[in-house]
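Heads up: the structure comes next, in structure tokens.
Quick note: the coordinates plus some simple rules give every number you see, no bench work behind them. Just so it is clear, the structure is predicted and the values come from calculations on it, not from any experiment. Neighbour counts run over all protein chains shown; Cβ positions are idealised from the backbone, glycine included.
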């Protein structure tokens, strides 16, 4: 029987690679993103695969009505869900907190923290009502585990995801529902490159020099990739991780060793 997953933030970047890995592993996948390109992304993942199903759903995870609709559409197309992977998120820029507009603070918290909670709530409610088990994998960040100057709101949003993951694992464990978190480090994504470009503009350093500076801080000597994240998600979604819940899996190349 084909398993069904919903992946948020899946139009590109880490979410797209997670969705691609799940498709390759035989899952049917609903890709959710605020970007309209998510539909083309979903089509591309299953092109030439007659026995595979992937759909793209345009939705804003910070909007409760959008979340309810997206989950309903996913179940309508794929059947009951077995897995939720919350990847949707935005960067916080590099400005000090006192220089950050309130609107930017609210938007970042709405997407990264509230969005994760809303989607998890909607999916878990369906599982509990139907007496189904399932697995939720949230996405945190190295910077939600270790605060850095210029990253107050982003760090707070991801730190909130970490504690919400632990609390939800305790709440849903009695229903056989597992909840864990992946915590990426410095990843080769547009979000990370944008952050380094912003820092380059502020400091006068070159983008290339900042990329190399970050790389030197990573014990494994390279930036992470979406496939690194996807591999960890695939394990957490498997029966091999059947006794794992409430945990944070750091995928950071050894930058933070806990």
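Using 0.36 nm per residue of separation minus the Cα-Cα distance, give me the extension gain between residue 220 and residue 63 in nm, one decimal.
On the way: separation 157, 0.36 × 157 = 56.52 nm, distance 3.86 nm.
Here the answer is 52.7 nm.
Helix 207-216 against the longest principal axis of the chain: what's the angle in degrees, Cα atoms only, rounded to the nearest 10?
70 degrees
Rounded if a/c is under 1.5, else prolate if a/b beats b/c, else oblate: with a ≥ b ≥ c from the C-alpha gyration tensor eigenvalues square-rooted, which is region 100-230?
On the way: a/c = 2.95, a/b = 1.88, b/c = 1.57.
Since a/c reaches 1.5 and a/b is larger than b/c, the shape of region 100-230 is classed as prolate.
Multiply the residue separation of residue 146 and residue 128 by 0.36 nm, subtract the distance between their alpha-carbon atoms, and state the gained length in nm to one decimal. Before the final figure, lay out each step's value.
Working: separation 18, 0.36 × 18 = 6.48 nm, distance 3.38 nm.
Going from the current span to full extension adds 3.1 nm.
Compute the distance from the alpha-carbon center of region 209-249 to that of region 183-204, in whole Å.
Their Cα centres are 18 Å away from one another.
Sticking with the crude label model, points 7 Å out along Cα→Cβ, report the distance from residue 256 to residue 194 in nm, one decimal please.
Those two pseudo-labels are separated by 2.1 nm.
How do the peptides 10-23, 56-69 rank, highest first, by the average count of neighbouring beta carbon atoms within 10 Å per residue?
Working: 10-23: 25.0, 56-69: 19.1.
Put in order of decreasing packing, that is 10-23, 56-69.
How high is the FRET efficiency between residue 51 and residue 208 when r is their beta carbon distance and R₀ equals 30 Å, given to the nearest 0.05?
On the way: r = 44 Å, r/R0 = 1.48.
For residue 51 and residue 208, the calculated efficiency is 0.10.
Would you mind getting me the FRET efficiency between residue 201 and residue 39? Use the beta-carbon distance for r and R0 = 35 Å, nearest 0.05. Let's see the in-between values first.
Working: r = 34 Å, r/R0 = 0.96.
FRET efficiency, residue 201 to residue 39: 0.55.
Over the chain, what is the relative contact order in whole percent, taking alpha-carbon pairs under 8 Å and six or more residues apart? Please report the intermediate quantities before stating the final value.
Numbers: 506 pairs, mean separation 48.4, N = 258.
Over the chain, the number comes to 19 percent.
Per DSSP H run of n ≥ 4, the term is -39500 (n - 2.57); total these for the chain, divide by its residue number, and report the mean residue ellipticity at 222 nm rounded to 500 deg cm²/dmol. Walk me through the numbers on the way to the answer.
Working: 10 runs with 120 residues, N = 258.
After summing the helix terms and dividing by residue count, I get -14500 deg cm²/dmol.
How many angstrom separate the Cα center of region 72-137 from the Cα center of region 40-58?
22 Å
Output the 0 to 90 degree angle, nearest 10, between the alpha-carbon long axis of helix 226-236 and the longest principal axis computed from the alpha carbons of the chain.
Helix 226-236 sits roughly 40 degrees off the main axis of the chain.
To the nearest 10 degrees, how steep is helix 152-172 against the longest Cα principal axis of the chain, on a 0 to 90 scale?
For 152-172 against the chain, the angle is about 30 degrees.
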